[in-house]
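Undergrad: Have a look at this one before I ask anything.
The values are calculated or read from the model by the stated rules, or taken from the named source; none is laboratory data. Since this is a predicted model, take the numbers as computed values, not measurements. As a convention, Cβ positions derive from the backbone with ideal geometry for all residues, glycine included, and neighbour counts pool all protein chains shown. Side chains are part of the model used for accessible areas, which takes the heavy atoms of the whole protein and leaves out ligands, DNA and RNA. Shrake-Rupley method; radii C 1.70, N 1.55, O 1.52, S 1.80 Å.
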Amino acid sequence: MKKHFILFAVLSFGLFFSQQKQVQRATVAFLNVENLWDTIPSADYIDGTKDFKNPAFHRSVPIDSLKYLETTEEYKGEWSDDLLVGKKVIRHQILATDFTANSPKNWNTAKYNQKISNEAKVISELGRQYTNDNPVVVGLIEVENRQVVQDLIEHPLLAKSNYGIVHYNSYDARGIDVAIIYQKNRLQVTDHYVKDIKIFNEEGKRSYTRGILVVKGLLDGEKVAFFMNHWPSRSGGEAASMPRRAAAAKVLKDEMDKTLAEDPDRKLFAMGDFNDDPVSPSLKKLLGAVGDPSQLSEKTPYYNLMYKHYKAGVASLAYRDAPNLFDQIIVSKNLYSTEKLTPTYSVYKAEIFAPSYLVNTEGQWKGYPLRSWDGDRFTGGYSDHFPAVVVIQREYKTAK
């Protein structure tokens, strides 16, 4: 049979021949790992004598080690990095003993190792059919601490990719964090930080949520920035909780706008669990993320790659028994091109990854994500969300 189109992998890091041109690809993906907790009761220890970007500034430690750590006071003020400079304090978590062998979850090493293997399997397959490689960048949410991310990237399915970690402990009351892992041989990280989202309850007291993790660098030599999000939930109802996500949208938009203003050539990826759909006011109006590339402009420079999927009925989870597409990837307009192949990276493919093994096949939740937890029972599943994936590509030219 005569072949008019040739597509095959020639190198493990995403080089292809397409219509007689070499193509280089990279996968950027995100997944909610649904409560990736270790088995050790822990607390936060903040050592304000360290630099903010030093993982030792704010770290997770076993509760039984607290008696050996120096503290300067029993802190009762607002939890903010700036206010903790110079102090050494402890912050307790409300789920400190929830994921332990003595809890109703009966969480143990064997189950933890299975959970790590499950998440590693999913990550290793994100975008692989297009790149023949593990993802170059992966955003993670619902991780307990840096150590569980370290255990994840050391799994045999991921270890060969030599992943680095960017992680900051959050002040979320439950102790859940966001993180980014990246292939160190392809992404050179030049800066990283967290932008706080300040929200308040009806009594005017601060409610703590996850900040937006920002990572800047060079992806195969091109300037990029990643904005990792886990926005406040819809607890209390969509309308009542909307102001909390509006606050998150403002922080994200301000930081993305600032990044583009400083360097219009930098390519931006905002991803995560937004706890809103692509058509929700937080994303469509406040962030201004358009659903069709024809709407891109200087005033609306952000393109929601999941908008068309949402309109086509694709969902990444079911919240209160209704389908939603909360897991999204939004890119800056310089990542979109009408050309199939460009000299610099542009979007090739975007999708919600939902192979059969991630889908519940029976019972009340048939067709929904095969989650890890049914109340306190570990199901052996993967996540209550499907991952979001974008594959980018460019023409590859060998150095002369």
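Undergrad: Can you tally the net charge around Thr109? Count Lys and Arg as +1, Asp and Glu as -1, for every other residue whose Cβ sits under 14 Å from the Cβ of Thr109.
TA: Numbers: positive: Lys105, Lys111, Lys115; negative: Asp38, Asp151.
With Lys, Arg at +1 and Asp, Glu at -1, the neighbours total +1.
Undergrad: Using R₀ = 51 Å, calculate the FRET efficiency as 1/(1 + (r/R₀)^6) where r is the Cβ-Cβ separation of Lys53 and Lys397; round to 0.05.
TA: Values: r = 35 Å, r/R0 = 0.68.
Efficiency computed from Cβ-Cβ geometry: 0.90.
Undergrad: Using a probe of 1.4 angstrom, how much of the accessible area of the range 103-190 is carbon and sulfur, in percent? Walk me through the numbers on the way to the answer.
TA: Working: 1340 of 3020 Å².
Whole-percent figure for carbon plus sulfur exposure: 44.
Undergrad: Going by the alpha-carbon gyration tensor, a ≥ b ≥ c the square roots of its eigenvalues, is the range 45-91 rounded (a/c under 1.5) or, if a/c is not under 1.5, prolate (a/b greater than b/c) versus oblate? Write out the running numbers ahead of the final one.
TA: Numbers: a/c = 1.81, a/b = 1.24, b/c = 1.46.
Oblate.
Undergrad: In deg cm²/dmol and to the nearest 500, what is the mean residue ellipticity at 222 nm of the chain if only DSSP H runs of at least 4 residues count, each as -39500 (n - 2.57), divided by the residue total? Don't jump to the answer; show the numbers that get you there.
TA: Working: 6 runs with 63 residues, N = 400.
My calculation for the chain gives -4500 deg cm²/dmol from helical runs alone.
Undergrad: Have a look at Thr398, Asn360, Pro387 and report the one farthest towards the positive end of the charge dipole of the range 351-400, computed about the Cα centre with Cβ charges (Lys/Arg +1, Asp/Glu -1).
TA: Working it through, the farthest residue towards the positive pole turns out to be Thr398.
Undergrad: Apply 1/(1 + (r/R0)^6) to the Cβ-Cβ distance of Ala101 and Gln364, taking R0 = 41 Å, and write down the FRET efficiency to the nearest 0.05. Mind dumping the intermediate values first?
TA: Working: r = 29 Å, r/R0 = 0.71.
That gives a FRET efficiency of 0.90.
Undergrad: Taking the chain as a Gaussian network, Cα atoms linked when under 10 Å apart, which of Ala312, Ala29, Ala173 shows the biggest mean-square fluctuation?
TA: Among Ala312, Ala29, Ala173, the largest GNM mean-square fluctuation belongs to Ala312.
Undergrad: Considering only the other residues whose Cβ falls under 12 Å of the Cβ of Ala354, what net charge follows from Lys and Arg at +1 and Asp and Glu at -1?
TA: Working: positive: none; negative: Glu125, Asp327, Glu351.
Every neighbour counted, the sum reads -3.
Undergrad: Kindly provide the trypsin sites (Lys or Arg not before Pro) of the range 48-77 that DSSP labels as loop, not H, G, I, E or B, and whose Cβ sees at most 15 other Cβ atoms within 10 Å.
TA: Those that pass, being in a loop and sparsely packed, are Lys50, Lys53, Lys76.
Undergrad: Can I ask one more? How big is the C-alpha Rg of the chain next to the rule-of-thumb value 2.2 N^0.38 Å, as a ratio?
TA: Numbers: Rg = 21.1 Å, N = 400, 2.2 N^0.38 = 21.4 Å.
In units of the globular-protein estimate, the chain measures up at 0.99.
Undergrad: Keeping the other protein chains in place, figure out the carbon and sulfur percent of the accessible area of the range 273-383, with a 1.4 Å probe.
TA: Values: 2720 of 5440 Å².
With neighbouring chains kept in place, the figure for the range 273-383 is 50 percent.
Undergrad: Enumerate the amide H contacts of Gly272 below 5 Å, restricted to partners 5 or more residues apart or on another chain; note that Pro and chain-start residues carry no placed amide H.
TA: Sorted by chain and number, the residues that satisfy this are Asn229, Gln328.
Undergrad: Specify whether the C-alpha gyration tensor of the range 100-199 places it in the rounded, prolate or oblate class, a ≥ b ≥ c being the square roots of the eigenvalues: rounded for a/c under 1.5, otherwise prolate if a/b is larger than b/c and oblate if not. Working shown, then result.
TA: Values: a/c = 2.25, a/b = 1.15, b/c = 1.96.
It comes out oblate by the Cα gyration axes.
Undergrad: Between Tyr357 and Glu154, what is the FRET efficiency for a Förster distance of 22 Å, r being their Cβ-Cβ separation, to the nearest 0.05?
TA: On the way: r = 23 Å, r/R0 = 1.03.
That gives a FRET efficiency of 0.45.
Undergrad: Looking at the chain, identify the longest residue range that excludes and avoids all chymotrypsin sites (Phe, Trp or Tyr not before Pro) in DSSP loops having at most 10 other Cβ atoms within 10 Å. Please report the intermediate quantities before stating the final value.
TA: Working: sites that count: Phe5, Phe8.
Longest site-free region, per DSSP loop and neighbour criteria: 9-400.
Undergrad: Next up: Quick one: dipole size for the chain, taken about the Cα centre, charges +1 on Lys/Arg Cβ and -1 on Asp/Glu Cβ, in debye to the nearest 20. Walk me through the intermediate numbers first.
TA: Details: 52 positive and 49 negative charges, 270 e Å.
Magnitude of the dipole: close to 1300 debye.
Undergrad: Another question, if that's okay. Pop out the ³J(HN,Hα) list for the range 376-393 in order, Karplus 6.51 cos²θ - 1.76 cosθ + 1.60 with θ = phi - 60°, rounded to Hz; leave Gly and Pro as x.
TA: 9, 9, 6, 8, x, x, 10, 6, 8, 10, 8, x, 10, 9, 10, 10, 10, 8
Undergrad: Using alpha carbons only, how many angstrom separate the centre of the range 34-80 from the centre of the range 163-238?
TA: 18
Undergrad: What does the net charge come to around Val314 if you take all other residues with beta carbon closer than 12 Å to its beta carbon, with K and R at +1 and D and E at -1?
TA: Numbers: positive: Lys308, Lys311; negative: Asp277, Asp327, Glu351.
It works out to a net charge of -1.
Undergrad: Quick check: pseudo-label points 7 Å beyond the Cα along Cα→Cβ at Asn113 and Leu341, how many nm apart are they?
TA: Each label point is offset 7 Å from its Cα along the Cβ direction, giving 4.6 nm.
Undergrad: Return the single residue from Asp263, Asp327, Asp47 with maximal mean-square fluctuation; model: Gaussian network over the chain, springs between Cα atoms under 10 Å.
TA: Greatest mean-square fluctuation among the candidates belongs to Asp263.
Undergrad: Let me ask something else about it. Please compute the modelled spin-label separation between Thr379 and Ala312, points set 7 Å along Cα→Cβ, answer in nm with one decimal.
TA: With each label placed 7 Å out from Cα toward Cβ, I get 2.5 nm.
Undergrad: Would you mind finding the longest exposed-site-free stretch of the chain, with exposed GluC sites (Glu not before Pro) meaning DSSP loop and at most 16 other Cβ atoms within 10 Å?
TA: Numbers: sites that count: Glu70, Glu73, Glu74, Glu78, Glu154, Glu202, Glu203, Glu298, Glu339, Glu362.
After excluding every exposed loop site, the longest remaining stretch is 204-297.
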